[in-house]
1. Determine the equivalent ellipsoid of the range 23-88 by diagonalising the alpha-carbon gyration tensor, then write out the semi-axes as square roots of 5 times the eigenvalues, largest first, rounded to whole Å.
2. Summing Lys, Arg as +1 and Asp, Glu as -1, what charge do residues with Cβ under 15 Å from the Cβ of Arg40 carry, Arg40 excluded?
3. Net charge around Lys68, counting only other residues with Cβ within less than 9 Å of its Cβ (Lys, Arg = +1; Asp, Glu = -1)?
4. Using θ = phi - 60° and the Karplus curve 6.51 cos²θ - 1.76 cosθ + 1.60, what whole-Hz ³J(HN,Hα) does each residue of the range 67-77 get, with Gly and Pro shown as x?
5. Within the set of other residues whose C-beta is less than 11 Å from the C-beta of Glu28, count the net charge using Lys and Arg as +1 and Asp and Glu as -1.
6. Label points 7 Å out from Cα along the Cβ direction at Met45 and Asn18: separation in nm?
7. Around Ile57, which amide H atoms from residues at least 5 apart in sequence, or from another chain, sit under 5 Å from its own amide H, with H modelled in the peptide plane?
Amino acid sequence: MNATHTEPIPNPLQHAANFAVTPELEAEVNELLTHYPEKRAASLMVLHAIQDKFGWISQEAVEWTAQKLDLQPINVYEIVLPHAAAEADGQIPNQGLPHVELRAGRRV
């Protein structure tokens, strides 16, 4: 029997209907990519650049980052979602990992 999972995967990130990458952000990300041997290695720095611009990481930001870095969205969610889950549980209020502050899924 082939079971199909139809429930959505829980995703604590919010939507940002107005998410639009500016030419300046695009240029900043393109410049960041020149410092890494492969695009994937720049994932965290790209997310930081987006957070600096918008103040938080939305679902659309994750999707754009994945496309920009030639990754699947799950590869970017693997970075972002642990931060969002820990923040939601009160384990790391607005801090992420040590020396990493990603405000995932919510406006600050």
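No lab work stands behind these numbers, since they all come straight from the coordinates. Model, not experiment: these values are computed from the prediction. Glycine also receives a Cβ, built like all others from the backbone with ideal geometry; neighbour counts cover every protein chain displayed.
1. Values: eigenvalues 71, 37, 20 Å².
After scaling each eigenvalue by five and taking roots: 19, 14, 10 Å.
2. -1
3. Values: positive: Lys39; negative: Glu26, Asp70.
Spelling it out: positives minus negatives among the neighbours equals -1.
4. Each residue's phi maps through the Karplus curve to give 5, 4, 9, 6, 10, 7, x, 4, 5, 7, 4 Hz.
5. -3
6. Placing both labels 7 Å beyond Cα along the Cβ direction yields 3.0 nm.
7. Under 5 Å from the amide H of Ile57: Arg103, Ala104, Gly105, Arg106.
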